[in-house]
1. Of all residues being under 16 Å from residue 4 (Cα atoms) and surrounded by 14 or more Cβ atoms within 10 Å (Cβ to Cβ) in the range 78-97, which is modelled with the lowest pLDDT? Just the residue, please.
2. Evaluate the following for residue 60: is it touching a helix residue (DSSP H, G or I) at 6+ places or on another chain (Cβ under 8 Å) and within 29 Å of residue 132 (Cα to Cα)?
3. Look through 161, 128, 107, 155 and report the one residue that is at pLDDT 90 or above and more than 22 Å from residue 58 (Cα to Cα).
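The values are calculated or read from the model by the stated rules, or taken from the named source; none is laboratory data. Just so you know, these numbers come straight off a predicted model, no measurement behind them. Heads up, the Cβs are rebuilt from the backbone with ideal geometry, glycines too, and the neighbour counts pull from every protein chain shown.
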């Protein structure tokens, strides 16, 4: 019985970590120290990229078009994942939690997370196609740098050393 709960806890922690990764990549461009973006608007992803990668207006327009398609899909997936996690916690809180139900909820969360990851990769590939080679290198350096910063702060690793590989 104890072994079963350890596996469930491990699965839950894995899902949470993958969700954090997906959420990070999703919101990677929403914060920026650069102030050239319009003040009346939340700093958007294409504005962030335009400033940091010196994109042309045409490139920015193409990224904006992809964002208009990407965000509604990922926001819907994120909402569904939150609902499933709430459902999971509700089941875990029960006096006698149903392990079959927990496993089914975890599978649903896994499926939603996989869909989110696919959407993120699809967007990254689209953005890569819009960028020049030097811009691509800087773009993926920024993405990797952000991921490493999160990993290093959590696990005290030295992820940054892998940037050049």
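1. 97
2. Spelling it out, residue 60 is indeed touching a helix residue (DSSP H, G or I) at 6+ places or on another chain (Cβ under 8 Å) and within 29 Å of residue 132 (Cα to Cα).
3. That would be 107, the only listed residue that is at pLDDT 90 or above and more than 22 Å from residue 58 (Cα to Cα).
So that you can scan it fast, the table gives a plain yes or no per residue for (1) modelled with pLDDT of 85 or more; (2) closer than 30 Å to residue 4 by Cβ; (3) touching a helix residue (DSSP H, G or I) at 6+ places or on another chain (Cβ under 8 Å):
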site: 53; (1), (2), (3): yes, no, yes
site: 56; (1), (2), (3): yes, no, no
site: 70; (1), (2), (3): yes, no, yes
site: 99; (1), (2), (3): yes, yes, yes
site: 121; (1), (2), (3): yes, no, no
site: 138; (1), (2), (3): yes, no, yes
